[in-house]
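Structure, as structure tokens:
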Amino acid sequence: MSETIYQGLAGVNVDTTQISHIDGLKGELIYRGYDIRELANKASFEEVTYLLWNDDLPTQDQLAEFKNGLKPHYILPQEVIEVLKLMPKDTHPMHAVRTAVSMLGATDSAAEGVDLDNVHRIGLSLTAKFPSIVATFERLRNGQEAISPDPDLSIAGNFLYMLTGEKPTEAATNVMDVALVLHAEHGSNASTFVARAVASTLTDVYSSITAACGSLKGPLHGGANAAVMQALEKIGSVSKVEDYVMNILGTPGGRVMGFGHRVYRVLDPRAIILKEVSHHLAEESGDSKWFEMSLEMERVMDREMTKKGKEIKPNVDFFSASVYRMLGFPTDMYTPIFAVARISGWMAHLYEQYADNKLMRPRMVYEGPLGKSFKAINNR
Ligand SMILES: CC(C)(COP(=O)(O)OP(=O)(O)OC[C@H]1O[C@@H](n2cnc3c(N)ncnc32)[C@H](O)[C@@H]1OP(=O)(O)O)[C@@H](O)C(=O)NCCC(=O)NCCS
């Protein structure tokens, strides 16, 4: 009897969840009942993180308490700063993020507990510390002093502050906040699945999040935003976009980064919002090159995919690239910024996983030989 193979686990439901829902045909992303389009315009990253970790949006008092709970965790232990100092300056910042999370686990004497209270404590700590890790490594690799966090700022505001040492404008903080909300959670994506699979062995939170960081880094997942920007930089001008895209599509297995999705068959709702943000930033800054190149890439891909009858549309990473560029971030920081947001969703999933755990252990269909007889090494 032939076994059914679900390569890449495509279409497989591994569990139920209360956290988010994606309708790939309607182009909808729902966080605990709320449409992302509404949340992105109205809720802060802290409110959304509270929502993802609890049943509903916080009241004012609940939000104040939640933010107060985050504040003491903004600061990095000195050991972690020392580890970041030891990292080669030219290493990918995701190596720094992943290593720092691992080090945080090593320095937390209560790392092991997977009861809800301990997992929540670590969740607050990691959510507050991710911006500090990314900003600290960015400064250290540029030969600058690390800046202490300002716990009176929001997660988005503090991240911008720790990069430059200057209080960010309200406009920049708002754009950052929208980007964090949009990237906070996305169901059983690769890194979230990895986090849950690792947690299903009942190992500690830090181990799960370290593994999730490694998964996010890949160019088919969170690494795609940087790959989009590298492509735009390589292309250089609107007039050269068409040739670039046609060349990739003419190469067997060629992928245009920032397009396509395992779940969406229509435009990713997050891409729609980021496209508006990118347009707005381009108009405000007078630097419309990246946005215009993105539009041209979207046009050519749309034309070519329609010809082939394929539903390959821009995903969240496509317009986030030009947005981050216009905010002034270096390209290799795009994926770490994704991690600053996604820690929120990863933790929401770890609460669910630990609360009703089943070891994740799928099977593989063996197609290799059977019945070989062992030969001593000198007879092979
Ligand atoms: C995200 C992604 C991995 C999803 O892949 P998937 O669900 O496994 O889908 P497949 O790789 O089977 O692709 C289905 C078809 O669409 C094509 N396709 C998918 N994404 C494409 C892209 N970005 N550019 C060109 N063609 C693409 C594939 O070549 C394949 O064609 P075929 O059926 O003729 O072989 C894939 O779309 C991709 O590699 N995108 C680029 C990376 C990216 O932006 N990742 C971020 C995701 S949020």
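For the chain, build the charge dipole from Cβ charges (+1 Lys, Arg; -1 Asp, Glu) around the Cα centre, then report which of Ala282, Val241, Asn378 sits farthest towards its positive end.
Selected residue: Asn378.
Could you go through the stretch 316-332 in sequence order and give the Karplus-derived ³J(HN,Hα) for each residue, using 6.51 cos²θ - 1.76 cosθ + 1.60 with θ = phi - 60°, rounded to whole Hz, and x for Gly and Pro?
Rounded to whole hertz, the list is 4, 6, 5, 7, 5, 4, 5, 4, 5, 4, 6, 7, x, 7, x, 4, 6.
Nothing charged except the Cβ atoms of Lys and Arg (+1) and of Asp and Glu (-1): what's the magnitude of the dipole of the stretch 224-326 about its Cα centre? Round to the nearest 20 debye. Please list the in-between numbers first.
Details: 15 positive and 15 negative charges, 106 e Å.
Approximately 500 debye in magnitude.
How high is the FRET efficiency from Arg380 to Leu202, r the C-beta distance, R0 35 Å, rounded to 0.05?
Here the calculated transfer efficiency is 0.25.
Ser239: net charge of surrounding residues, Cβ under 11 Å, Lys/Arg +1, Asp/Glu -1, itself excluded?
On the way: positive: Lys240; negative: Glu242, Asp243, Glu292, Glu296.
Once positives and negatives cancel, what remains is -3.
Which three lengths, in whole Å and largest first, does the chain cover when its Cα atoms are put on their principal axes?
Its Cα atoms span 70, 57, 47 Å along the three principal axes.
Name the residue farthest towards the positive end of the dipole of the chain from the options His183, Thr164, Met229, assuming +1 on Cβ of Lys and Arg, -1 on Cβ of Asp and Glu, about the Cα centre.
Met229
With charges only on Cβ, +1 for K and R and -1 for D and E, what is the dipole size of the chain about its Cα centre, in debye, rounded to 20?
Here the chain has a charge dipole of around 1740 debye.
Among 249-261, 201-213, how do they line up from the highest to the lowest mean number of other beta-carbon atoms within 10 Å?
Descending packing order for the listed peptides: 201-213, 249-261.
For the stretch 90-107, what does the Karplus curve 6.51 cos²θ - 1.76 cosθ + 1.60, with θ = phi - 60°, yield as ³J(HN,Hα) per residue in whole Hz, taken in order and with x for Gly and Pro?
9, 6, 5, x, 5, 5, 5, 4, 4, 5, 5, 5, 4, 5, 4, x, 5, 8
Evaluate the charge dipole of the stretch 297-380 about its Cα centre and quote only its size in Debye, nearest 20, assuming +1 on the Cβ of each Lys and Arg and -1 on the Cβ of each Asp and Glu.
Taking the Cα centre of the stretch 297-380 as origin, the dipole is about 580 debye.
What is the extension gain from Asp90 to Val14, computed as 0.36 nm multiplied by their sequence separation minus the C-alpha to C-alpha distance, in nm to one decimal?
Values: separation 76, 0.36 × 76 = 27.36 nm, distance 3.83 nm.
Extending this stretch completely gives an extra 23.5 nm.
In whole Hz and in residue order, list the ³J(HN,Hα) couplings for the stretch 123-132 that follow from phi through the Karplus curve 6.51 cos²θ - 1.76 cosθ + 1.60, θ = phi - 60°; x for Gly and Pro.
Using θ = phi - 60°, the values come out as x, 4, 4, 5, 4, 6, 8, 4, x, 5 Hz.
If you take every residue apart from Leu216 with its C-beta less than 11 Å away from the C-beta of Leu216, what net charge results, scoring Lys and Arg +1 and Asp and Glu -1?
In short, +3.
Taking 0.36 nm per residue of separation and subtracting the Cα-Cα distance, what length does fully extending Ala106 through Leu249 add?
46.9 nm
Can you give the helix-only mean residue ellipticity at 222 nm for the chain, where every DSSP H stretch with n ≥ 4 adds -39500 (n - 2.57) and the sum goes over all residues, rounded to the nearest 500 deg cm²/dmol?
-18000 deg cm²/dmol
Would you mind calculating the gained length between Ile5 and Ser239 on full extension (0.36 nm times residue separation, minus the Cα-Cα distance), in nm to one decimal?
Roughly 79.9 nm would be gained on extension.
Quick check on the stretch 224-326: take the gyration tensor over C-alpha atoms, sort the square-rooted eigenvalues as a ≥ b ≥ c, and tell me if it's rounded (a/c under 1.5), prolate or oblate.
Judged from the Cα gyration tensor, the stretch 224-326 comes out oblate (a/c at least 1.5, b/c at or above a/b).
Going by a ≥ b ≥ c, the root eigenvalues of the Cα gyration tensor, does the stretch 1-135 fall in the rounded group (a/c under 1.5), the prolate group (a/b larger than b/c) or the oblate group?
Oblate is the answer for the stretch 1-135, as a/c is 1.5 or above yet b/c matches or exceeds a/b.
Step through the table entries Lys240/Lys289; Lys26/Lys358; Lys26/Lys289; Lys26/Lys240; Lys67/Lys89; Lys217/Lys358, compare each Cα-Cα distance with 21 Å, and write down the pairs that go over it.
Cα-Cα > 21 Å for Lys26/Lys358; Lys26/Lys289; Lys26/Lys240; Lys67/Lys89; Lys217/Lys358; rest within.
Tell me the relative contact order for the stretch 224-326 as a rounded percent, counting alpha carbon contacts under 8 Å between residues six or more apart. Don't jump to the answer; show the numbers that get you there.
On the way: 126 pairs, mean separation 44.7, N = 103.
The value is 43 percent.
The numbers here are math on the coordinates, done by the rules we state, and not lab data. As the structure is a computational prediction, the values presented were derived from the model and not from experiment. Please note: Cβ atoms are built from the backbone with ideal geometry, for glycine as well, and neighbour counts cover all protein chains shown.
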